[in-house]
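Colleague: Take this structure first; my questions come after.
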Amino acid sequence: MNAISLMVNEHKVIKRALKITRKLCINILKGGEVNYEAFNIIIDFVKNYADSHHHNKEEDILFKKMSEELGEEIAKGPIFGMLADHDLGRLFIRNLGEALERVKDGDEDSKVDIIANAISYTDLLYRHIDKEDNAIYKFGERKLSKEALMEVEERCNEVERIAEEKKIQSKYINMIEELEKRV
């Protein structure tokens, strides 16, 4: 599978996690208990699959190559926007974790912060994924040279090989499958 198709498929897994996150928030809105275990699994998934595994390939390989080859206009425009989205997502996830701790410590008012940060993250990521799948990735496929695309491919394949040795993909996909059954 080519690198860009792989990243699109990873987006599908990430969207499954977003759907679970929304369900967890709806449960709180309906007066249910905060599912700390499920939220912590989502945070782990976001940090280690969506961010470290997936965003790493985008930021360090694809976006870097697009910026180098296609110029400052791309680097300071659409690529900068994608990187800003990644940083904002990290902020929402950090805030979500802090809100979970506050609620666990008895601060009932922080339930609103759980919902606010979780929903902000899901909304951001749905829009972000749409921009990447339908604009950034397609633009890169059309505009990057064959050599650049081959380099992106080779580097992404190496990242995937190392991740497979560590069973990153299977671990996190299985986590999402288990949550889907329980939530």
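Colleague: If I ask for residues that are touching a residue at least 24 places away in the same chain (Cβ under 8 Å) and either of a type in the set (D, E, K, R) or in contact with a strand residue (DSSP E or B) (Cβ under 7 Å, 6 or more places away or on another chain) (or both), which ones from the stretch 20-41 would you list?
Modeller: Correct list: Arg22, Lys23.
Colleague: Here's a check for you: in the stretch 85-107, which residue that is in contact (Cβ under 8 Å) with a residue 60 or more places away in the chain and not charged (D, E, K, R) is surrounded by the fewest Cβ atoms within 10 Å (Cβ to Cβ)?
Modeller: That would be Val103.
Colleague: Is the stretch 8-24 home to any residue that is aliphatic (A, V, I, L, M) and either modelled with pLDDT under 95 or more than 20 Å from Lys171 (Cα to Cα) (or both)?
Modeller: Among the residues of the stretch 8-24, at least one is aliphatic (A, V, I, L, M) and either modelled with pLDDT under 95 or more than 20 Å from Lys171 (Cα to Cα) (or both), which makes the answer yes.
Colleague: Would you check if there is a residue in the stretch 137-145 being in contact (Cβ under 8 Å) with a residue 12 or more places away in the chain, surrounded by 14 or more Cβ atoms within 10 Å (Cβ to Cβ) and within 23 Å of Ser52 (Cβ to Cβ)?
Modeller: Among the residues of the stretch 137-145, at least one is in contact (Cβ under 8 Å) with a residue 12 or more places away in the chain, surrounded by 14 or more Cβ atoms within 10 Å (Cβ to Cβ) and within 23 Å of Ser52 (Cβ to Cβ), which makes the answer yes.
Rundown of residues vs (1) of a type outside the set (A, V, I, L, M); (2) in contact with a His (Cβ under 7 Å, 6 or more places away or on another chain), yes/no style:
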site	(1), (2)
Asp130	yes, no
Glu141	yes, no
Ser145	yes, no
Ala148	no, no
Val152	no, no
Ile162	no, no
Ile168	no, yes
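Colleague: Could you list all residues from the stretch 18-71 that are of a type in the set (Gly, Ala, Ser) and either surrounded by fewer than 22 Cβ atoms within 10 Å (Cβ to Cβ) or outside any helix (DSSP H, G or I) (or both)?
Modeller: Passing the criteria: Gly31, Gly32, Ala38, Ser52, Ser67, Gly71.
Colleague: I need the full set of residues from the stretch 19-47 which are within 22 Å of Glu132 (Cα to Cα) and either aromatic (Phe, Trp, Tyr) or in contact with an Asp or Glu (Cβ under 9 Å, 6 or more places away or on another chain) (or both), in order please.
Modeller: Across the stretch 19-47, the qualifying residues are Lys19, Ile20, Phe45.
Colleague: Here's a follow-up. Do we find that Ile4 is touching a Gly at 6+ places or on another chain (Cβ under 9 Å) and either surrounded by fewer than 16 Cβ atoms within 10 Å (Cβ to Cβ) or among the basic types (Lys, Arg) (or both) in this structure?
Modeller: No.
Colleague: Might you check whether a residue that is more than 17 Å from the chain's Cα centre (by Cα) and under 16 Å from Ile119 (Cβ atoms) occurs anywhere in the stretch 37-45?
Modeller: no
The values are calculated or read from the model by the stated rules, or taken from the named source; none is laboratory data. Only a predicted model underlies this, so the values are computations on that prediction, with no experimental measurement involved. Backbone-built Cβ (ideal geometry, glycine too); neighbour counts: all protein chains shown.
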